[in-house]
Amino acid sequence: MFRLYSDKKIRKIIADNSVLIEDLCAFYHVPSAYLKSILLMELPEINVFDVMADGLVRLNWLRYSLWRCFALDRHTRNPLRKFDSSTGYGQIFSQVAIEAILFAENEGIPLNLGISGELYPFSPDDLERVWKRLNQDRVFNLSCATLNIIHAAFQMTGRTDFDSFHEEDIKMILTRYNGNVKRISKYGEKAYRYFLEFNGSKKEKVPRKPQAARKPVCSSL
C-alpha cells in the first residue's frame, strides 16, 4: 500500500546500481546475488509511512541536538520519540549498521566507509551520524547492507566463507537480514528464489583478491 517504487522501477534501480553493487560485493567477498536479492525484497516495502518515519527520526535528532533535554529510548513505541528507523535502499537501522561495522572491524575485514573515530553501539552521537549517512549516502547504505549480510552469515552459520554455503545456509542468512529469528522464514524462502535468479545456473565464485576490485568511495562521516 502506498509503495514508493513500482516493480519496474525497482528492477531499474538494481540495474542502475549494478556496477556499484558488483564493486561492493567484490570488495567484501560477498556474491552479489545476496545483495541484489535483499534489495528486491526490501525496496517493495518502502512506502509513504517509511518516509514519514524517517522524517520523524530526522526531526527527533534535530530536537536532541538543540536541547538534549530528554533521554534516548531505543525501544520506545512512541513515533514522536524514535531515533532510529530502517532507511535507504537497504532498509537498515543505524544500530544494526553499527553492529555490522564493529563485527567487520573485529574480524579484520578491510573497510572503506569514510568513518573517522571509533563507533559505540549505544552512543547517541554515533547513532545519529550513522543514521544520517544511511539515509543520505547510497554508497554507505549499500556498504552497510553488505556488511550486515556478512554479519548475518556469521550469526546463522558461525562462518563467513560464502563458497561453503548450501541452500539451507543461504536461506537462513537471507532470513536473518530481515529479522532476529532462528528458523527460515517466508522472507528467506522468497529471497532465496531471487537469489537463484541473480546467481544463475552456475555457482558464483567469491573474488579472492580484494585489492583488484575497485574501491567504492564513501564520503567522510
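General observations
- The residues of segment 122-181 that are of a type in the set (F, W, Y) and under 18 Å from F198 (Cβ atoms), listed by number, are F162, F165, Y177.
- Candidate set from segment 87-134 (those that are of a type in the set (S, T, N, Q) and surrounded by fewer than 18 Cβ atoms within 10 Å (Cβ to Cβ)); member that is nearest to S32 (Cα to Cα): N112
- E22 vs. criteria crowded, with 19+ Cβ neighbours inside 10 Å, touching a helix residue (DSSP H, G or I) at 6+ places or on another chain (Cβ under 9 Å) and either at pLDDT 95 or above or part of a helix (DSSP H, G or I) (or both): no
- Considering the conditions (1) assigned to a loop (DSSP other than H, G, I, E, B); (2) at pLDDT 50 or above; (3) surrounded by 13 or more Cβ atoms within 10 Å (Cβ to Cβ), A191 is excluded by exactly one of them, (1).
- When residues of segment 135-164 are limited to those that are within 14 Å of the chain's Cα centre (by Cα), of a type outside the set (S, T, N, Q) and within 20 Å of I184 (Cα to Cα), the one surrounded by the most Cβ atoms within 10 Å (Cβ to Cβ): A145
- Long-range neighbours under 9 Å by Cβ, at least six apart or interchain, first residue closer than 16 Å to G179 by Cα within segment 92-116, second modelled with pLDDT of 95 or more and acidic (D, E): I92/E42
- Pair list, Cβ < 9 Å and 6+ apart or interchain, from segment 180-195 residues that are on the phi < 0 side of the Ramachandran plot and hydroxyl-bearing (S, T, Y) to residues that are surrounded by fewer than 15 Cβ atoms within 10 Å (Cβ to Cβ) and in a helix (DSSP H, G or I): Y192/E167
- Among the conditions (1) under 15 Å from F93 (Cα atoms); (2) assigned to a helix (DSSP H, G or I); (3) touching an Asp or Glu at 6+ places or on another chain (Cβ under 7 Å), P121 misses just one, which is (2).
- Of all residue pairs spaced 6 or more apart or on separate chains, those with beta-carbon atoms under 6 Å, a first member in segment 43-62 that is at negative phi and a second member that is loosely packed, with under 13 Cβ neighbours inside 10 Å and of a type in the set (A, V, I, L, M, F, W, C) are N47/F2; V48/F2.
The values are calculated or read from the model by the stated rules, or taken from the named source; none is laboratory data. This structure is a prediction, so every number in the text was calculated from the model and none was measured. Positions of Cβ are generated from backbone atoms using ideal geometry, with glycine treated the same way; all protein chains shown enter the neighbour counts.
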